[in-house]
Every structure is written in C-alpha cells, then in structure tokens.
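K.L.:
Could you have a look at this structure, given as structure tokens, before my questions?
The values are calculated or read from the model by the stated rules, or taken from the named source; none is laboratory data. This structure is a prediction, so every number in the text was calculated from the model and none was measured. Backbone-built Cβ (ideal geometry, glycine too); neighbour counts: all protein chains shown.
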C-alpha cells in the first residue's frame with residue numbers, strides 16, 4: 001500500500017458497514033471479510049494501526065472482493081496461462097516462506113552482545129559530529145558542471161534532488177549525523193569510504209567541497225550543513241535499537257549459512 005492514504009480513504013468515510021459476526025467485519029454478496037484478514041492487511045501496510053487506517057483497509061478489502069467476484073464470472077480468466085502461472089508462483093512463495101521460517105535458526109542476542117556493540121560504537125566516535133549532504137555525479141564532466149553551478153549560487157539541496165545518483169537524492173542529498181574518531185583509519189570510518197570521511201572532517205559548517213571526491217571511479221560532491229560536539233546517548237536509550245540491529249544481522253548470517261549449505265550440496269549449471 002502507498003504510505004499516503006488513497007482515494008479509498010474518502011470512500012471509507014462514506015461507507016458505514018454493520019458488524020457481521022464476531023469474526024467478520026463485512027460481508028460482500030454473502031462472502032465475509034474476517035477480522036484476521038483486516039488485521040493482516042493493516043500489518044502489511046507498514047503504517048501504525050489506527051481506527052482510520054482500519055477503515056481505509058476495510059474499504060480496500062471490500063473493493064478487492066468485488067473485483068474478485070466480477071472476475072470469477074469470466075470463466076476464461078480462471079483457466080488462462082497468466083492465472084495459472086500466478087497461482088503456481090504464489091504457491092511456491094508460500095512454501096518457500098514456510099521453509100525459511102522453519103530452517104533458519106538465528107542465535108539469540110544476549111545483553112552482553114548489546115553492551116559490547118554499544119561500547120564499540122561509543123569508542124568509534126570523535127569529539128565532533130557532522131551533518132553532511134552528498135551528490136553522486138554521473139561522471140567527471142557532470143561533477144565539474146555541478147560545481148560550477150554551486151559556485152554560481154545554485155542550491156545544493158535542489159541539485160542533489162535533481163542530479164544525484166545516490167539513494168539520498170530523494171532526501172536532497174541529506175545524510176545522517178556522523179562522527180569519526182581521530183586519526184581516521186581505513187575500515188574505521190562508520191562505513192564511509194576513507195576519502196569521503198577525510199573530506200567531511202575538513203569542511204566547516206556550510207561549506208562545499210572545492211573539488212569532487214573520487215572513490216572507485218565515482219565522483220562525489222559534499223556539503224556539511226552543521227557541525228556540533230558529539231552527543232553520546234545513554235545505553236538505556238539505544239539498547240533496543242541495537243538489539244534489533246544485531247537480530248537482523250544474525251538473521252542475515254543464519255540465512256547466508258543456510259544458502260551456503262544448500263549450494264554446497266547442489267548441482268548448479270550456469
């Protein structure tokens with residue numbers, strides 16, 4: 001679902017549906033929509049649960065069921081190659097997800113691991129932290145052109161939004177606050193390539209890099225919006241976030257181990 005409410009939100013406010021039993025939230029030509037279906041749709045939306053969201057999702061489920069009922073009247077749709085392929089793919093996906101849930105065995109994350117990661121993070125911080133923006137140019141010529149525009153007074157954020165090839169383009173090039181422990185050492189620069197980290201710490205607040213920073217053939221232009229003393233959060237404030245991060249990393253590790261085992265015993269031709 002799109003993160004913004006669709007036109008169904010308007011329709012939801014106009015439809016008042018009665019309750020259809022303890023486990024149903026609506027009935028469309030005798031076909032019930034259950035509370036479980038509605039809850040699953042809300043969860044899959046990725047939005048915070050609320051009465052308004054449930055009304056919107058219920059209306060979408062009603063529309064979906066109306067579409068399904070109309071489509072079922074056209075017998076050729078049920079037997080088309082496209083429908084059969086979609087059914088087979090859905091079946092395979094369901095089987096795969098069930099297998100993955102049963103086969104992947106991530107190790108539990110301990111409080112000691114969380115505290116150790118917190119200590120590592122704190123130890124990696126410097127005295128100052130920086131709020132950078134970044135433009136990844138198409139090539140050297142594009143980088144030179146962008147620098148000329150910036151020198152002529154163009155807005156960095158607008159250029160980043162329009163021209164950057166980095167994922168941060170949709171945020172006008174904005175990156176998260178970052179701090180680097182001095183001296184800067186390769187592999188200990190908060191996942192930044194060393195040349196970028198070196199360029200960031202040399203820029204005062206509001207300044208733009210005078211030349212492109214070249215990393216593996218890619219041309220970056222940097223700006224530092226703000227510089228401030230590093231603030232170290234309290235352990236209790238961030239331990240849940242660190243736990244989630246470690247749990248995700250452990251799931252990725254367990255998944256990679258499972259795939260490696262399957263590859264080892266498989267005969268694959270490419």
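K.L.:
Name the residues in region 133-161 that are closer than 21 Å to residue 217 by Cα and either outside the structural domain of residue 205 (by TED's automatic domain parsing) or part of a helix (DSSP H, G or I) (or both), would you?
P.N.:
140, 141, 142, 143, 144, 145, 146, 147, 148, 159, 160
K.L.:
Taking the criterion of being over 26 Å from residue 33 (Cβ atoms), in contact (Cβ under 8 Å) with a residue 60 or more places away in the chain and not assigned by TED's automatic domain parsing to the domain that holds residue 39, would at least one residue in region 92-100 satisfy it?
P.N.:
Yes, region 92-100 has at least one match.
K.L.:
What helices (runs of 4 or more DSSP H) lie completely within region 21-84 and have 3 or more residues being surrounded by 13 or more Cβ atoms within 10 Å (Cβ to Cβ) and at pLDDT 90 or above?
P.N.:
Hits in region 21-84: 35-45, 51-72.
K.L.:
How many residues does region 172-195 contain that are outside any loop (DSSP other than H, G, I, E, B), farther than 14 Å from residue 209 by Cα and out of contact with any helix residue (DSSP H, G or I) (no Cβ under 8 Å at 6 or more places or on another chain)?
P.N.:
The number of residues fulfilling the criteria is 2.
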